[in-house]
1. Only one of MET73, MET89, MET96 is of a type outside the set (S, T, N, Q), within 30 Å of PHE28 (Cα to Cα), at pLDDT 90 or above and outside any helix (DSSP H, G or I). Can you tell me which?
2. Out of the residues in the range 141-159 that are acidic (Asp, Glu) and farther than 21 Å from SER189 by Cβ, state the one that is surrounded by the most Cβ atoms within 10 Å (Cβ to Cβ).
3. Given the criterion in a loop (DSSP other than H, G, I, E, B), within 28 Å of ASP23 (Cβ to Cβ) and at pLDDT below 95, identify the matching residue among PRO79, PRO163.
4. Checking PHE51 against (1) free of Cβ contacts under 8 Å to residues at least 40 places away in the same chain; (2) touching a Cys at 6+ places or on another chain (Cβ under 6 Å); (3) not small (Gly, Ala, Ser), which test does it fail?
5. For the range 54-91, which positions are among the aromatic types (Phe, Trp, Tyr) and in contact (Cβ under 8 Å) with a residue 24 or more places away in the chain?
Amino acid sequence: MIGAVAWFDAVPAKAAGPQCESDKRWLFPTDLSTPDALQSYGPLVDTPALFRTFADTEPTEEGFLTFVNQYGMLGTGQPALMPGNQFLMGDSLSRMESEHKALTQVVHMLDALKSRRVEAAAQQVAHPIIDRALKTGRYSELREACVHWLKVTINERMGNIGPEKGDPLITVLELDASGNLRLQQKTRSLLGALWVQCARAAEGDQVFRRCKACRGWMLISPDVGKRRQAIYCSAVCKVRAFRSRARKVIDARGVARKRGVK
């Protein structure tokens, strides 16, 4: 769900757990009275490369706010006490920083494994198995240790997302575009979707590329309508790029006329 949000000073509730005791800044919806104004989308289908977009986000209040205003709250389900003794469920700044750091490390490791240049990424990870593998100097052992770290890290994050913990995916019966009933997988939160996307990227050796127009990430896969030669993430970006090229040609012709070149 996407709606207006803002940062507030708040006191974490006891139910949020001891890890939130020092949290002072929280992201909350600014208007709970107009649910019709919220926009709904399915990140697993609509934005399968969103986990990379979050990893690229500047880990500041402003950076997180820009991301959340565009894609929705992470949905960590942490309770906090607002001024006026009002309890709300929100996302704390420290939790967002923690998830961002972990996801960024995982993305860097995925890229390193794909390029077979794992040593630099491994040196950024504090884990005893990786430390031992680095000392051996053998690529095969280091790769095995990095894959193990990926598995453990992604599984831990997927199992520790909301207050209920457990599997971030749920299977529901929904209507498809043709009006037929189909079993579909959904996530309990946007944060769950980000980590499931990351897990799918690790499992399927997926290829991601930046759109040539907007520079956003896109998944290259026939399943989402993106062939290997695709350079634009959407028809909108394709048209925008065409218009940009056309303007450059017109401007170049104008400059040539001024210089007396035909």
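1. Only one candidate qualifies: MET73.
2. If we filter the range 141-159 for residues that are acidic (Asp, Glu), which is where we start, we get 141, 144, 156.
Then drop every residue that is not farther than 21 Å from SER189 by Cβ, which leaves 141, 144.
Working: GLU141: 16, GLU144: 13.
Result: GLU141.
3. One residue alone meets the criteria, PRO163.
4. All conditions pass for PHE51, except number (1).
5. Let us first name the residues in the range 54-91 that are among the aromatic types (Phe, Trp, Tyr), namely 54, 64, 67, 71, 87.
Residues satisfying the conditions are PHE54, PHE64, TYR71, PHE87.
A quick yes/no check of all residues on (1) assigned by TED's automatic domain parsing to the domain that holds GLY42; (2) assigned to a loop (DSSP other than H, G, I, E, B); (3) touching a residue at least 40 places away in the same chain (Cβ under 8 Å); (4) under 17 Å from PHE67 (Cα atoms):
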{"site": "LEU194", "(1), (2), (3), (4)": "yes, no, yes, yes"}
{"site": "CYS198", "(1), (2), (3), (4)": "yes, no, yes, no"}
{"site": "PHE208", "(1), (2), (3), (4)": "yes, no, yes, no"}
{"site": "CYS214", "(1), (2), (3), (4)": "yes, yes, no, yes"}
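The values are calculated or read from the model by the stated rules, or taken from the named source; none is laboratory data. Fair warning: this is a prediction, and the values are worked out from it, not measured in the lab. Cβ sites come from the backbone with ideal geometry, for glycine too, and all protein chains shown count toward neighbours.
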